[in-house]
Amino acid sequence: MATKSDALCVTIGNMGTAPHQRPFTSHVSPVVLFSVLDHYLRREKDQELVVGAILGVRSDDGTEVEIRNAFSLLETDDGLDEEHYKTLYDLHRKVNPEEVILGWYTAGQNILANATTYQAVFKQDCAPFNPIHMTMDPEALFKTNGLGLNTYTAAPVGFSEDADCMFLPVPSEIKYLDAERSGLEMLASAKSNETRTAALLSDMDHLEVAIVRLQELLERVSKYVDSVVQGTTPPNNAIGRYIMDAVSVVPKIDASVFEKTFNSHLQDLLMVVYLANMTRTQLSVAEKLHLLVNTPNTNSH
């Protein structure tokens, strides 16, 4: 067992150093996880590990990294196919010019033997920052409650530029936008279905789900506040501030006025849905009439 005197302590900088030397946290988008998992599922039968590049943005101070995208890469007998990598990166920059190369990923149970070589390839596009190495174990999705996702940064071992490196863990978490939440909840709802499928909800169904969820959250917060007032639950200043901030932004409005406004917006929503369905029907009828008019009459011959 290592004691305090013989333990190896490695740091990656502090807040007083340059941005590329500061400690940071990484936020991974669900899109990246699906891309990596899709790449792993489409691998060759004898392939145990897949490799790809991860892209995203960094904060100005370098303390936060958002991993937003990823694409798969090809491997040759000599290592990574760098020409294929450069081509895909150039194409991606044309679509998302604000996203840069952050590092690379591997998916599989085994560890890449020549990880230092891959790290050197991505170091050119990540300079002056160190490339981020993200690993994902798809088998952990079935064996554990986690996703098997880990992120690392490299610390050089030695004094030369070609020396080996040590991978140090970096705090990471899954971060999704509000627009992605609906899709994730739809995918999660399929796990309780035997066919592992889920039907898309209509606009009215989404509205109903949102209202029910809002009512549940209000009841939960109300019960918490009552329990704190009664003394059965110890108060939490952080939670109290969050509740105060949320309540302060709610406009003070009479219940009858709120009900009238809500019904008015609901009628507007129903009208938009009605017009959208009518437009869809008219386009479908117009398309069928167009095909009918342009179809040659075989009976006339």
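Of note:
- Backbone amide hydrogens, once placed in the peptide plane, bring residue 166 within less than 5 Å of 155, 157, excluding anything fewer than 5 places away on its chain.
- With the highest mean first, a sort of the peptides 115-128, 280-293 on other beta-carbon atoms found within 10 angstrom per residue produces 115-128, 280-293.
- Flagged links, alpha-carbon separation over 24 Å, of 175/252; 223/252; 143/191: 175/252
- Residues whose amide H comes within less than 5 Å of that of residue 105, counting only those at least five positions distant or on another chain, are 52, 53, 54, 134 (H built at 1.01 Å from N in the peptide plane).
- Dividing the C-alpha radius of gyration of the chain by 2.2 N^0.38 Å, with N its residue count, gives 1.40.
- Projected onto their three principal axes, the Cα atoms of the range 218-301 cover extents of 91, 28, 18 Å, largest first.
- Accessible surface of the chain, 1.4 Å probe, proportion on carbon and sulfur as whole %: 57 percent
- Backbone amide hydrogens, once placed in the peptide plane, bring residue 233 within less than 5 Å of 228, excluding anything fewer than 5 places away on its chain.
- The chain: DSSP helices with Cα axial extent of at least 15 Å and average Kyte-Doolittle hydropathy no lower than 0.0: 30-41, 203-230, 237-248, 255-294
- Of the chymotrypsin sites (Phe, Trp or Tyr not before Pro) in the range 156-249, the ones in a loop by DSSP (not H, G, I, E or B) with at most 12 other beta carbons within 10 Å are 159.
- Accessible area per residue for the chain is 72 Å², calculated with a 1.4 Å probe on protein heavy atoms, without ligands, DNA or RNA.
- For the range 58-195, size of Cβ-based charge dipole, Lys and Arg +1, Asp and Glu -1, in debye: 360 debye
- Rounded to the nearest whole Hz, the Karplus-based 3J(HN,Hα) values (6.51 cos²θ - 1.76 cosθ + 1.60, θ = phi - 60°) of the range 129-139 follow the sequence 7, 7, x, 8, 9, 10, 10, 9, 9, x, 5, with x at glycine and proline.
- Here the contact order of the chain, divided by its residue count and restricted to Cα pairs under 8 Å and six or more residues apart, works out to 12 percent.
- Most positive-pole-ward Cα, 67, 177, 246, against dipole of the chain from beta carbon charges: 246
- Considering only the chain, percent of DSSP beta bridges that pair antiparallel, nearest 5: 70 percent
The values are calculated or read from the model by the stated rules, or taken from the named source; none is laboratory data. Quantities reported herein were computed from a predicted structural model and do not represent experimental measurements. Cβ coordinates were reconstructed from backbone atoms using ideal geometry, including for glycine residues, and neighbour counts include every protein chain displayed. Quick note on the areas: whole protein, heavy atoms, side chains included, nothing else; ligands and nucleic acids left out. Shrake-Rupley method; radii C 1.70, N 1.55, O 1.52, S 1.80 Å.
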